[in-house]
1. Relative to the first principal axis of the alpha-carbon coordinates of the chain, what is the inclination of helix 2-25, with its axis defined by its Cα atoms, in degrees from 0 to 90 and to the nearest 10?
2. Given 0.36 nm per residue, what is the gain on full extension from residue 45 to residue 77 after removing their alpha carbon distance, in nm?
3. To make sure I understand the rule: partners must be lysines, Cα under 17 Å from the Cα of residue 16, and not fewer than 8 residues away in the same chain. Which ones qualify?
4. Please give the helix 76-102 orientation as an angle from the longest Cα principal axis of the chain, in degrees from 0 to 90, rounded to the nearest 10.
5. Treat each spin label as a single point 7 Å out from the Cα along the C-beta direction, and report the residue 4 to residue 88 distance in nm.
6. Provide the FRET efficiency to the nearest 0.05 for the residue 52-residue 110 pair, computing r from the beta carbons and using R0 = 25 Å.
Amino acid sequence: MDLITTLVALEVIASKFLLSYIASFSSATSYEENNPLLRFVFRKLKVDDDQWISFFCTVLLVGVSLYLLSSVYTAPAYAAMFILAGFYTTVLNLGAAHGSYFQKTNFITRRLLR
């Protein structure tokens, strides 16, 4: 189970890196964070939406989650919940990266923009 959670964590980080990398070269539109919690934090801190700050916040959040999974929340149910949430996050990040690369919406980005 530890190997699967580690691989899912790497998937989440890699997909967010891909999204940040593609969005940094997309000069047509400015980057806006799709995560409502992170967008709220950016607005409260009066920080412009930046794809690389968002990437580093994702790395920090995944690292803290892995630490908590290995030390405090050691039950398999928490690991399964992390795996499902990680797959969901990966799909959202890859869908947003696809939409950002091709400069048009797909079924995932249309769902996010609602």
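Just so it is clear, none of the values below were taken in a lab; they were calculated from the coordinates. What you see is a predicted model; the values in this text were computed from it and never measured. Positions of Cβ are generated from backbone atoms using ideal geometry, with glycine treated the same way; all protein chains shown enter the neighbour counts.
1. Once rounded, the angle reads 10 degrees.
2. Numbers: separation 32, 0.36 × 32 = 11.52 nm, distance 3.43 nm.
Contour length minus the Cα-Cα distance gives 8.1 nm.
3. Of all the lysines, none pass the test against residue 16 - Cα under 17 Å, at least 8 places apart if same chain.
4. Between the helix axis and the principal axis of the chain, the angle is about 20 degrees.
5. About 1.7 nm separates the two model spin labels.
6. On the way: r = 26 Å, r/R0 = 1.02.
For residue 52 and residue 110, the calculated efficiency is 0.45.
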